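Undergrad: Okay, handing you the structure first.
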Amino acid sequence: MSTICDSDPRVCIVGPNKFQNKLLVSLIERDTNLPCQDNPDISFFANNEDSQQKRLFLLDCKTPELSEIYSVVHLGDENKTNEFLVALFNAGSDKDFEKETIANGVRGIFYESDPPKLFPKGVIAILNGELWYRRKTLSECVSNPVFPLRSSEKAAVLTPREKEVLIQVTSGKSNQEIADELFIAIHTVKSHLYRIFKKIDVPNRLQATLWSAKHLFKI
């Protein structure tokens, strides 16, 4: 099996409109200097363990197999959340849909009405660990979350090291980056994350980030 190298795409466009995809590839490569690819072999990237770099999949909402693609890139797999980021484009303005995508770990949405210049900005923001949603949508999700939040007192049960790890997760760092930053083994990071998610009752990194934004920094 071939391996992923630095020249492989950091941004992957997935959708049925080939002409549109090619235009997006050209736009993103021109304005971000990141290698970009149209309709890559997603299963290869999802199953390859050789790369620690973050890779963003931009999925067209008009793709018939959208739900199948979700499962391939393992949105719910905590070991891959930071390496395989997902955003949607050609989305409509449906608030319930927006909240559902946040709950499913999608890192951002580009709407049908968005001007092309927003794509490069959004791509860079997502790869830097940010969420690319409308500010109003994010505010509503923090105020009225789509998952059960515990009281701020629950954060007190986290150990100092677990809080350090959670802060690193909130900043968008991958497991390997956290391990390097805190001088611990990557399997130790995974163990910390498993305990953190159980203690604060969230299923993935994205929701842990929203949880910490509301509770952790108020202690």
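Undergrad: Please count how many residues of region 170-217 are at pLDDT 85 or above and part of a helix (DSSP H, G or I).
TA: Of the residues in that region, 23 qualify.
Undergrad: More than 15 Å from CYS12 (Cα to Cα), modelled with pLDDT of 90 or more, charged (D, E, K, R) and out of contact with any Ser or Thr (no Cβ under 7 Å at 6 or more places or on another chain): is that true of LYS117 in this structure?
TA: yes
Undergrad: A follow-up question, please. Answer yes or no: is there a residue in region 154-163 that is at pLDDT below 80 and out of contact with any helix residue (DSSP H, G or I) (no Cβ under 9 Å at 6 or more places or on another chain).
TA: Scanning region 154-163, I find at least one residue that is at pLDDT below 80 and out of contact with any helix residue (DSSP H, G or I) (no Cβ under 9 Å at 6 or more places or on another chain), so the answer is yes.
Undergrad: Follow-up. Filter region 23-68 down to the residues that are β-branched (Val, Ile, Thr) and either surrounded by fewer than 17 Cβ atoms within 10 Å (Cβ to Cβ) or modelled with pLDDT of 70 or more (or both) and list them by number.
TA: Within region 23-68, VAL25, ILE28, THR32, THR63 meet the criteria.
Undergrad: Can we say VAL142 is assigned to a helix (DSSP H, G or I), at pLDDT below 80 and among the β-branched types (Val, Ile, Thr)?
TA: When the stated conditions are applied, VAL142 passes them.
Undergrad: Every residue in region 102-123 that is small (Gly, Ala, Ser), more than 11 Å from the chain's Cα centre (by Cα) and crowded, with 19+ Cβ neighbours inside 10 Å, please.
TA: GLY122
The values are calculated or read from the model by the stated rules, or taken from the named source; none is laboratory data. Everything numeric in this text was worked out from a predicted model, so none of it was measured. Neighbour counts are summed over all protein chains in view; Cβ atoms, including those assigned to glycine, are modelled from backbone coordinates with ideal geometry.
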